[in-house]
Amino acid sequence: MSRAGYVPLGERVAAGAEPLSRILWRFPPYRWCVTLLQRMGFTGRSAVIAIPYLWLLLFFLVPFAFVLKISLAEALIARPPYSSLFEWTEEAYLVIKMNVANYQFLIEDDLYWTAYLNSAKVALISTFFCLVIGYPMAYGMARADPSWRNVLLLLVILPFWTSFLLRVYAWIGILKNNGIINNILMGLGIIDEPIVMMQTNFAVYLGIVYSYLPFMILPLYANLERLDRTLLEAAADLGCRPIKAFVYITLPLSLPGIIAGSLLVFIPAVGEFVIPALLGGPDTLMIGRVLWDEFFANRDWPVASAVAIAILLLLVVPIVIFQRFQAHEAGA
Amino acid sequence: MNNNRSYFLISCMVFGFAFLYVPILSLIIFSFNKSKLVTVWAGFSTKWYGALLQNEQILQAAWISLRIAFVNACFAVALGTLAGFVLARLGRFRGRTLFTGMVTAPLVMPEVITGLSLLLLFVAMQDLIGWPQGRGITTITIAHITFSMAYVAVIVQSRLSSVDESVEEAALDLGARPAKVFFVITLPIIAPALVSGWLLAFTMSLDDLVIASFVSGPGSSTLPMVVFSKVRLGVSPEINALASIIVLLVSMGVIAAGYLMHRQQKIRQRDIQFAIAANK
Amino acid sequence: MAQSTRATPAQEPWNDPHAQPYIRIENVTKKFGAFVAVNNVSLNIYQNEFFCLLGGSGCGKSTLLRMLAGFDSPTSGKIYIDGTDMEGTAPYDRPVNMMFQSYALFPHMTVESNIAFGLKQDRISKTQTTQRVQDILELVQLSPFAQRRPHQLSGGQRQRVALARALVKQPKLLLLDEPLAALDKKLREETQFELVNIQEQTGVTFMVVTHDQEEAMTLSSRIGVMNAGEIVQTGTPTEIYEYPGSRFVADFIGSVNIFEGRITEDEADHVRIDSEEAGCSLYIDHGVTTTSGAKVWFAVRPEKIAISRDKSDADENCTSGTVQEIAYMGDLSIYHVELESGKRVRVTMPNLVRGVSDAITWDEQVYLSWRPSSGVVLMA
């Protein structure tokens, strides 16, 4: 399949005139694309590549260029609320007005620094706790009886399918001053005053760990389940005690799962908005929330864009590692 | 030694699953609470479900969300399958590294960035070519397709890489053209992955608050946006009722799917054993 | 051996200068980056042949097969099938079918639809398709299993479905990639003969790729031995075994004892070689084309060496040594004898009599001898 590249697209599509392509053919955009590509001498192979490629290029990559562009613009009270970067003068000279004030603002204002560092800290600590809770669960699942394994896997996936927002919401009812925990503790007479848990950093950590735990467990489980059990038997046979076997065999071999899980938690957690907005207090500064507020509350699109660029700079290294890793896993 | 270890593992798992499920259970329990104070039990009642069904705003938002989710899931499966196929089967081509990057990056990209960047794109496109006119259901759908197709692509890619490529080569060898091989051999073999990809894309779209908030316009508030604005003002038993309904629907779906898969696997195993036994 | 029934002179088109080859491979080279997988291979295959490409893993035999099927295209060189240049012809347009090593059965289709798949692509009428599927199912004895899915079949049955699926299109050339590798030993032996029968009944030209020399010997009319991307020798199984062209071939097919030496006498009908390694003068009853004094090798198979306690009368082709090891295999015994030069020689003796009390044993001094016609002189 992969090495086939002989026949022009038209012939292929026509010859493989399957129902789906007939249906697709009724959509004008599809028809246009096919004819255009045919004229340009593309083969079926390149058409198959081009369709998702162009989509992602247009709706994923190109938007970042606009973020960069607008982060260099000035905020205006207008629609859209920013100045334009390029202007044609009367003599048809192109004038580029770059404005680095937004970045200067980010660097000079303490608020952004605090938010920036706090996001990294919150994401890092949450990732650590996800790993501590998730690893034994994934390990236990992988070692469970095969008939149980699928049930447990289903139990991990189930919350993932239910609304993220509503699961975060559930914690409000549990943590607030007259919430479930405080009610139980006061009912038992352990405390007299309600413990303040809502709108604290603690609540944010809890929310992130809770929401992202399945992202940690799934890659770990996939890795640990594949682990050849005879390796552990061989280690035992060679006189290695279970704990040592875990440290020297299981742990190093599960490193890819640990890395994948950690990155899947860390990267989105840095830019998390919903959890700090619902569970955190006004002083829980996280960069995603700052971006949101700049955009929706202050309507300062250029500064919001500058914040987005700043987040990307923080995440570019983990994202690249993640991608290398995905490519490697797919290749293996 | 071994026992201690398994006790430790079992208690970890019990704790972990309790952690995952207690909040969801509390949501469901208090949806049947008579009192408006969500967390103080005042007797059993189903009145909040009634109230939910009377709430025009929520119902309308749910309808918008379902429509977006449906269209999104179909497009995401089509595009994601192509992308996964390209990654798993088409080997090297110019720009493959960039392509791989664009497929995997949306999996981890913080939603605020995706949302903001797409909004800026839509604004600029409207400026340049006059489309999309304003923002609403179309822009939300496009945004959702972009990130959910990445998930579908990853599912399809991992499924395809476990399918022996020579099965497709055999079809070519027997005279089927590439397009036909794709539809008659590849797609049926990976059909289960397509179903789970579709469901995942559907629920992710239903679930998304942040990206939709950026790219929505007047009159296109999705369910999560309405829920968020309500939740920000404090807890509301109607939301508990809504959550219970969603949990119920999803669990029924997931359990049914799990049961079907389990049964299929059992039949398959029996067949294999039968085939081996018959051969002896 | 199966080829004995077929290797009559009339059926040896490769020896007939007027015969037209059915498949012509001309100077085909395939490179993957800097790696040369197939290096300037030329090969002629004739109609109704059962040709075997034999070689170790990574020798390029599978790449050659894939180029014939059309999955890979040669970097340079030409492939002609029945006189037609195959360059630019896609796999689905070639009159070639392949039986894959993994069988590659379509898991979502029944046995019947798997076999009918290829006919459907050729838009053959329904009635004819049904008829041809039925016939081929009968040929491979799978009629009762027509409605089963691949996972409901045993390994041997799957193998036969794969064969039927490729054969039903009546290709000009049937490629078989390690057709028996996935079967267990006993089933493999039965299937070998079945495969030969089916080839004879259908008259399709077969080309098998295998790493198993026994399989190659049993199945094929001719063998092409491949090494490092090149075909080092082609010939009938007998030719390859009895008259290997190089040390590589001699060593690859069966086991062999090789002695280094120098030619002392070079005549048209015989050669004499002086070999320090063998510890004696070697007399061989065939001539070679080389100069006197050249370095050559003498190869003799273990079963062609006689082992005895008594010295024979001849001075030539006779040497002595000590028995180092004996392996009892049941039907035969293998002796490892160390010559004075330190060279170890492998000798096999059939166990014709049960429980011989005075059999040759460890550390005994023995004499090894062979006939002038037993061995072969190798130049490379």
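Here, each number is a calculation from the coordinates, and none is a lab measurement. As the structure is a computational prediction, the values presented were derived from the model and not from experiment. Cβ sites come from the backbone with ideal geometry, for glycine too, and all protein chains shown count toward neighbours.
Of the trypsin sites (Lys or Arg not before Pro) found in the range A:257-332, those in coil by DSSP whose Cβ has at most 15 other Cβ atoms within 10 Å are A:Arg299. For chain B, rounded, prolate or oblate, judged on the Cα gyration tensor with a ≥ b ≥ c (square roots of eigenvalues), a/c < 1.5 rounded, else prolate if a/b > b/c? Here chain B falls in the oblate category. Separation of the alpha carbons by more than 27 angstrom is noted, of B:Lys180/C:Lys31; A:Lys176/B:Lys230; B:Lys180/C:Lys169; C:Lys61/C:Lys126; A:Lys244/B:Lys266, for B:Lys180/C:Lys31; C:Lys61/C:Lys126; A:Lys244/B:Lys266. Mean residue ellipticity at 222 nm, helices only, chain C: -6500 deg cm²/dmol; runs of at least 4 DSSP H residues each add -39,500 (n - 2.57), and the sum is divided by the number of residues.
First check a/c for the protein assembly as shown, with a ≥ b ≥ c the square roots of the eigenvalues of its C-alpha gyration tensor; if it is under 1.5, answer rounded, and if not, answer prolate when a/b is larger than b/c or oblate otherwise. It comes out prolate by the Cα gyration axes. The loop-placed GluC sites (Glu not before Pro) in the range C:33-121, going by DSSP, that have at most 15 neighbouring Cβ atoms within 10 Å of their Cβ come out as C:Glu87.
Shown here for the range C:221-323: trypsin sites (Lys or Arg not before Pro) in loop regions (DSSP other than H, G, I, E, B) with at most 16 other Cβ atoms within 10 Å, namely C:Arg309, C:Lys311. What you get for the protein assembly as shown, charging only the Cβ of Lys and Arg (+1) and of Asp and Glu (-1), is a dipole of about 4000 debye around the Cα centre. Shape verdict for the range A:101-331, please, from the Cα gyration tensor: rounded (a/c under 1.5), prolate (a/b greater than b/c) or oblate. In terms of gyration-tensor shape, oblate.
Rounded to 0.05, the FRET efficiency of the B:Phe93 and B:Phe17 pair, given R0 = 60 Å and the Cβ-Cβ distance, is 0.85. Split chain B at each of the chymotrypsin sites (Phe, Trp or Tyr not before Pro) in a DSSP loop with at most 15 other beta carbon atoms within 10 Å, and the longest piece is B:94-280. When only the Cβ of Lys, Arg, Asp and Glu is charged (+1, +1, -1, -1), the dipole of chain C relative to its Cα centre reaches about 2080 debye. The residue among B:Ile211, B:Gly197, B:Val226 whose Cα reaches farthest toward the positive pole of the charge dipole of the range B:176-280, with charges on the beta-carbon of Lys, Arg, Asp and Glu, is B:Gly197.
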